[in-house]
Amino acid sequence: MNTSHKIASYLLSTKAVKLNPGQPFKWSSGWNSPIYCDNRVTLSYPEARTFIKKSLAKAIKKHFPDAELIAGVATAGIPQGALVAETLGLPFAYVRPKPKEHGMGNQIEGRIEKGQKVVVIEDLISTGGSSLKAVDALREAGIEVVGMVAIFTYGFKIADKNFADKNVPLVTLSNYNALIDEAIKQNYISAESLVSLKKWRRKPETWG
């Protein structure tokens, strides 16, 4: 089993992913969705957590070997990023959605220097909007973002465009197609649900 399918299997077995076409979830974007993915759940399962940590570290060493610092996107990217930074022996920082409204008013937390080459860690990519806001904050602070690594992507074309427009190389460990493959193998979804999930994947903004 390759990495993308192995992680998809972990997401299903730990119930980090919920598939429910009959009772859709409402995303913050306003989209109705038959799927909800919360990769933070895998942190509670040592086997899954370790495999994901090692896979993220391996991806960074392969695609971004010149990384000097790991930055997690708050909040879900923080624990994953910290685990990966520890594995690679690199400094760690994290990026808030916006500056704090008290104290030092920081948006970037941790010791970080201008010109450092940073890899950003995210747990999940949908449209890429919130993830790329973290990239903007780092760049505004004079940091060189060499790329982003995420656990899972839905593979939306809008995300591909958004990352291309920002010139941010993106590497993901698993994806929607691998998840559906594993869900079918494990009899996790019915044939009727599969049809609905495929329709949603083609036009998520109008589904439901």
Determine which member of the set Val73, Val17 is under 18 Å from Ile143 (Cβ atoms) and of a type in the set (A, V, I, L, M). Val73
Let me spell it out: the conditions are (1) without any contact (Cβ under 8 Å) to a residue 60 or more places away in the chain; (2) over 16 Å from the mean Cα position of the chain (by Cα); (3) assigned to a loop (DSSP other than H, G, I, E, B), and Asp66 meets all of them except one. Which number is the exception? (1)
Within the bounds of segment 101-112, is there any residue that is in contact (Cβ under 8 Å) with a residue 12 or more places away in the chain, crowded, with 22+ Cβ neighbours inside 10 Å and touching a helix residue (DSSP H, G or I) at 6+ places or on another chain (Cβ under 8 Å)? no
Take Gln80 and tell me if it is surrounded by 13 or more Cβ atoms within 10 Å (Cβ to Cβ) and farther than 23 Å from Val17 by Cα. no
What are the residues in segment 170-187 that are at pLDDT below 90 and either open to solvent by less than 20 Å² (accessible area, probe 1.4 Å) or farther than 19 Å from Asn2 by Cβ (or both), if any? Asn187
Kindly provide the set of residues from segment 145-202 that are free of Cβ contacts under 8 Å to residues at least 12 places away in the same chain and on the phi > 0 side of the Ramachandran plot, ordered by number. Asn167, Asn187
In segment 113-151, the residues that are of a type in the set (Val, Ile, Thr), modelled with pLDDT of 95 or more and either assigned to a loop (DSSP other than H, G, I, E, B) or open to solvent by 30 Å² or more (accessible area, probe 1.4 Å) (or both): Ile143
Selected residue [surrounded by fewer than 17 Cβ atoms within 10 Å (Cβ to Cβ) and either in contact (Cβ under 8 Å) with a residue 12 or more places away in the chain or not in a helix (DSSP H, G or I) (or both)] from Thr75, Thr50, Thr42, Thr87: Thr75
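The values are calculated or read from the model by the stated rules, or taken from the named source; none is laboratory data. Here the structure is a predicted model, which means the values were calculated and not measured. All Cβ positions, even for glycine, are placed from backbone atoms using ideal geometry, and neighbour counts span all protein chains on display. Protein only, heavy atoms only, side chains kept; ligands, DNA and RNA dropped before computing areas. Shrake-Rupley method; radii C 1.70, N 1.55, O 1.52, S 1.80 Å.
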